[in-house]
Amino acid sequence: MRKTTSKTWALMAGATGIALLATACGGGDTEADAGEGSSTGGSGDEQITLTVATFNEFGYEELLDEYEELNPNITVEHKKAATSDEARDNLNTRLAAGSGLSDIEAVEVDWLSELMQYSDMFVDLSDPEVEDRWLEWKTAAATTEDGTLIGYGTDIGPEAVCYRSDLFAAAGLPTDREEVAALLEGDWDHYFEVGKQFVANSDAAWFDSAGATYQGMINQVENAYEEDDGTVIGIDHDTVKDIYGDVLTASVDDELSAHLLQWSDDWAAGFQSGAFATQLCPGWMLGVIEGNAAGVTGWDVADVFPGGGGNWGGSYLTVPAQSEHPEEAKALAAWLTAPEQQVKAFQSKGTFPSQVEALDSPELLGTTEEFFNNAPTGEILAKRAEAITATPFKGPNYFPIHTTVSDALTRVDVDQTDDAASSWEKALDAYESLGLS
Amino acid sequence: MTSIPMIQQTAGAGAARSAARRRGLARGANRRPGWVTYAVLGAVLLISAYPLYYAVLLASSDAITIAQNPIPSLLPEGNLFTNIGRVIASDIQFWPAMWNSIVVATVTAFSVVVFSTLAGFSFSKLRFRGRGPLLVFVIATMAVPTQLGIVPLFIVMAELDLTGKLAAVIIPGMVTAFGVFWMTQYLEEALPYELIEAARVDGCSMIRTFWHVAMPAARPAAAMLALFTFVGSWTNFFWPFIVLGAGNPTLPVALQLLQASYFKDYSLIMAGVVASTIPLVLVFIVAGRQLVTGIMQGAVKG
Amino acid sequence: MSVISPPKPRRAPEVPREPRRIAFRQRAGRWDVKLSPYLYISPFFLLFAVTGLFPLAYTAYVSVHDWHLIGGQGAFVGMQNFVDVVQQPRFLTALRNTFSIFLLSSVPQVLAAIGIAAVLDANLRARTFWRMGVLLPYVVAPVAVSLIFSKLFADQSGLINAVLATVDLGPIRWHADPLSSHVAIASMVNFRWTGYNTLIFLAAMQAVPRDLYEAAVIDGASRLRQFFSITVPMLRPTIIFIVITATIGGLQIFDEPRMFDQLGQGGSDRQWMTVTMYLYELGWGAQKSFGRAAAVAWILFLIIVVIGLINFAITRRISSSGSTRGGKR
C-alpha cells in the first residue's frame, strides 16, 4: 500500500536523467496531500495494511488473525523483534531518520520514559471510551503533563516471590505456598532475615543477585533519582545509599546472593544446579523460570512480595505520528488492549493484563500453572497487582542514572572486583560524567 | 565469460604450463612434507571445526539435556532433524528468508566481483590523473565506523522508498572498498604488463582488454572475493535487521526470532544456526574445488 | 594473442613501471584510454556518493551540533562535543580496551595466518580438504559465533572453565578480569578470521613465480631463507592489504564485545567496552547524544587513518627491506 511519492520519483528522475518520468506520475507536488488524504478517512471499503511491531512474547499471533477476520478491509503485518533491546534500536533509528516506523510500535516501560519528552512524535491516543480501562498508575506513566496519552497499556509485571519448595524443605522452612507467603510477609529486612536462616541450613543461596534485588527495592521508591517534575536528585542521597548498602550487606556479608548476573548463561544454568532458592517474580518471569528450570521439580509461587507490592516491566502500544493510517492503527491498538484480548494473550503467553476489568475475569482467575505445582497463578498475580501502591517516577534520565548503581552492584556482587565503598566511588564518577547536575 | 573461447584457451594454456612447471618442481625442490606438518594442520582443523561441531551437538540435543549438562556429549544425539524441522515449521518465515538471503548474497557477490575487478584493473594497471589519491580515498572510506552511518543511510533508503525491500540491503553492498582494494592489490602482482600490451597491440579496446586479459588473470582472486562476499552478506545481521525488519527478513534476521521466547532454547537456536550454515557449506563444497584449482592457476603469468 | 611472458626480471619496484603505463597509446581512440580508467572506478564512487559520502557529511554536520538522536538538531556547538568526549574517563577506557583487543587479535592472527598459509602452500596430500577446513569457521555467522563462545566462556557453567577445573586450573574470570575478557573476545575474532586471512595469503603465495624458488634452491638457500627473502617480499601487496583491513576491522570491533554478555554495554566496569560500543552507547543508549556519538566516530576515523598509515609505513619498510636483500642475492 506504500505510495511512491512524487519526491522519490523526482530524485530518481534526476539521478537517471530521464525527465520524462516526471510526467509519468502526474499528480505534481502533492505528496503531503496524498499522504494525509488516504489516512484520515478511516471508514469505507478501502483495503488497508497495518503494520504492528512487537518484540519477545506479546501473545498477539492469533489475535491479529482474529482482527483481520473481523475487519475484512484490513490486513495486519506483524513485525517481531527477538528482544526488547533490538526493538528499541530499531525504533530509535527510525525515529531519528524520521520514517519507516510501523503503524503500531510496542514500547517497553523501560524505554517509554525516554520517549515521553517527544510525545509529539506519537499520536495522542486519549479517548473517553477507554479512559478507565487500565490501572491508574499504568496510564499515568504514559500520560504527559498536558494530558497526551502516547500508549495503550498491554501488560504489567506484578511481582510475587517464586521459590524452590524442595530447597525450603531441606533447610527446614515451610513449603506450602500460603505458609511461605506468611513467612515472607514483611519488609526487605525481614526477607533477608529469613534468608540468613535459610543459608545457614543449605548449600544454596537465597536469591540470584544483588542487582535483581535492588531492582525490586528501588521500584518501591516514588522518587529515587528524579522529582516528579523531572528535576534530577541523583544517587548521592540516603534513600539510594541505604538500599545500596542493605543489598550489598545481605548479598556479600551475609552470603545470601548466588552472585549470578541476571540473564547471563551462568544465571540460566543456576536454575538447573539449584543455585538459589527464591526469585523475585513478575508474571512474565514464570515463563522464564519454566524454560530455564525445565526438568527441575519444586518451583512454586507465593502470594507475597517484600515491602508490599511492586511492578517490574510491562509494555504499551503506541501509534507513531508517521503512520499513514493513524485512525485505523488507534482502533487496532484499542482492540488489542481491550480486557478480553489481553486475557487471551495471558492465556497464550502469560503476559499479565494491565486492564482493571481483566483482573476479575474468570478465565484469568482460573489459570493455574502445572510447572509451579499447579499454583493458581492468575489469582496470585491479580492479588499482587492490587498490592501495587507505589508508582516510581521514571523520567528521561531514570535509566542512565539507574545503570550507574546497578553496575556498581555487579562489580561487588558478581565480578567481585571492588568492595562496596570503592564501587560506590566509581558509581559517583559515572554519574558525574552523565553531566546531569 | 563463456562466449569468448579465446580467453579460456589462453588461461587454460597458461595454467597448464604453470601446473606442469609446478609438478616438475614437486619432484625437485618441494618434497612432500612430513607428519609434523599434518599434525599441526590437524590441530588447526580441530580448533576450527570444534565450535561448529559444538553447535551441531547442541542442535541434535534438547533443551532439558543442554540445560542439565554444561559439557555436551562427544557424539551428537538424535534430534538434529527434529529440531531443524521445528525451525522450519516455526512462524519465522524460514523459506522466504532463505530465498531472500540467496538473492541478496548472489547478486551482491556477482556485482562486487565485476565492479571491484573493473576498478582494481584500473587502479593497478592504468595510468590516470589522481590515481594515487583516489585509491587512498577508497581505502580511507573503510575507516568510517559503520555504526554511525546507520541513521543517514536509513534516511537515504527512506528517500528512495526502499526500506523493507531487498534493494536496500543489496545496493550498499554492490561494490565495496574492500573488494576494490583487494583486486587492486592482487592484479598489481598477478597481471603482467606484457599481457596487456599484447592485447593492445592486437587492437583490443580497453574494455576488451579488461574482459580478455584482466578477468581471466583475476579469476582466483575473484573466486575468493565472490566467496567472501557471499558469506559476508549471508551472515550480515545488523543492517538487514534495521532496514528490512522481520517483515521481509534475510535468514539471520529471521533466525534471531528463535530467541524471542522467554528463555534460550539452545537446541532450537543452534538448529537454526546449523540450518543456515548448511547452504554455505554446500556452496563451499561446490565452490571449493573450483576455488582451490582457481588458486592453483594463480600463476598464469608463470 | 600470446601469453608468453618471460619470468619477470627482479626489478627495483616502481621505477621501470612508469614508462610502460604511458605505452598504452595504440590505434584505439584516445578517449578510450583517457576515460576508461575513470569509467571503471566510477561504480564505486557513484555508489559511495549515495551510501557513503552523505552519511559521512551528515555525521560531520551532526558532530558540531547539540543533537539528540530522537529530538534532532539543536544549537551549533562547534568542537564542544569533541572536547566533552575526550575528557570522559570512559573514552580512555574504551580506547585502552580497543587497542588491547586489537593487538590480541590482529597480531597473532596475521602471524598465524601467514604461517599456516606457508604450510598449506607445501605439496600436501588432500589439499582441498585442508584449505576448506581452515576456512570453515568463516561460514559461521558472527551472531552464532557469539552465541557459541558465550556458552564456552561462561564463568561458572562454561565448557572452558569446566575443562580447566579437571586439571585443577582456573576458573578464569572471563568477564570480571579486563585482560581475560579481552583474550576471550580476541579469540572469537581470531576463530573466525584466521582461516580467512590464511587463504588470502595462500592465494598470494601461489602467485609467486616458482622459478624464483628454483633459483634460490640452486643457490642453496634454506627454506626459512626462501620464506623471508622471496615469499615475504613478493607478498608485499597482500601483507599491506591484510594489515590495513585488519587494522580497520580491528579498531572498529563491535559485534563480538557487544554480544559477550547479555547487557551489551561492555561489563560492569566497562572493562571490555570498545570505542564503537562507546559510540553506540552515547548515541543509542540512555543519553541519545547523537552529536557526541558523531564526534567519537570522527575521532575514531582519524585514529584509524593514523594507525593505518603507521602500519602501512612499517609494513612497507619491512617487506621492502626484505626485497632489497632478496635482490642483492
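The numbers here are math on the coordinates, done by the rules we state, and not lab data. As the structure is a prediction and not an experimental result, all values here were calculated from the model. We place every Cβ from the backbone using ideal geometry, glycine too, and count neighbours over all the protein chains shown.
At-a-glance table
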item	result
Net charge dipole size for region C:63-328 [Lys, Arg +1 and Asp, Glu -1 on Cβ; Debye, nearest 20]	720 debye
Cα Rg over Rh - region C:63-328, Kirkwood	1.06
Ascending count of other beta-carbon atoms within 10 Å, so fewest first, for A:D253, A:D187	A:D253, A:D187
Surface/4 of the Cα convex hull for region A:42-128, nm²	6.9 nm²
Gaussian network model of chain C, springs between alpha carbon atoms under 10 Å - residue of C:T247, C:T274, C:T51 with greatest fluctuation	C:T51
Within 10 Å of each Cβ in C:68-77, the average number of Cβ atoms from other chains	3
Order of B:Y193, C:Y280 under a 10 Å beta carbon neighbour criterion, fewest first	B:Y193, C:Y280
Under Karplus coefficients 6.51, -1.76 and 1.60, residue-wise ³J(HN,Hα) of region C:59-71 in Hz, glycine/proline x	4, 4, 5, 4, 5, 9, 10, 6, 9, 8, 3, 8, x
Which of C:R30, C:R90 has the fewest Cβ neighbours within 10 Å, and the rest in rising order	C:R30, C:R90
Top of A:A182, A:A427, A:A53 by mean-square fluctuation, Gaussian network on chain A, Cα under 10 Å	A:A182
Separation of the A:T75 and C:A49 label points, Cα + 7 Å toward Cβ, nm	3.7 nm
Top of C:A313, C:A207, C:A126 by mean-square fluctuation, Gaussian network on chain C, Cα under 10 Å	C:A126
Kirkwood estimate for chain A, i.e. one over the average of 1/r between Cα atoms, Å	23.6 Å
Distance from region B:100-141 to region A:114-184 (C-alpha centre basis), Å	55 Å
Low-density loop cleavage sites - GluC sites (Glu not before Pro) in region A:355-390, where at most 11 other Cβ are within 10 Å (DSSP)	A:E370
Range of Cα positions in the protein assembly as shown per principal axis (Å), largest first	94, 77, 55
Members of A:K241/A:K383; B:K165/C:K151; A:K79/A:K344; A:K80/B:K264; A:K80/B:K165 lying beyond 26 Å, as alpha-carbon distances in this model show	A:K241/A:K383; B:K165/C:K151
Centroid-to-centroid separation of region C:185-206 and region B:181-214 [C-alpha atoms, Å]	28 Å
